Amino acid sequence: MHIVLAVAILGTFPVFAIAADSAATKAPATPARSAVDPAKEAEHTKEDVKRNRIIAAAHEAAAKCRESGKGEDFCMAELAKACKGIAYGKYCGMKHDD
């Protein structure tokens, strides 16, 4: 009696395995559409590029300041002025609004 019950229980496991396997082989659902307006995203990218160029110019000016022999404190203060409102931190890092 126990052997028959064991065979019956073990015989059902392949059905579960096949069912689980067939669910995994289904085509994935299409991804949800982005709620971001493409025009706004393009404008955001344009603004990021603009800020990156401003920050790059500020860093280039700081490098030239240091190359000219001026002190680190002076050059870092100039860098901070150039980056005010567009970047943050002691070393003029990029700010992200989002």
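Please treat every number below as a calculation from the coordinates, not as lab data. Everything quoted here is computed from the prediction, not taken from an experiment. For neighbour counting, all protein chains shown are included, and Cβ atoms are generated from backbone atoms with ideal geometry for every residue, glycine included.
Criterion first (of a type in the set (Asp, Glu) and out of contact with any Cys (no Cβ under 9 Å at 6 or more places or on another chain)) does GLU60 satisfy it? It is true that GLU60 is of a type in the set (Asp, Glu) and out of contact with any Cys (no Cβ under 9 Å at 6 or more places or on another chain).
Of all the numbered requirements in (1) touching a residue at least 40 places away in the same chain (Cβ under 8 Å); (2) in contact with a helix residue (DSSP H, G or I) (Cβ under 8 Å, 6 or more places away or on another chain), ASN52 misses one, and that requirement is (2).
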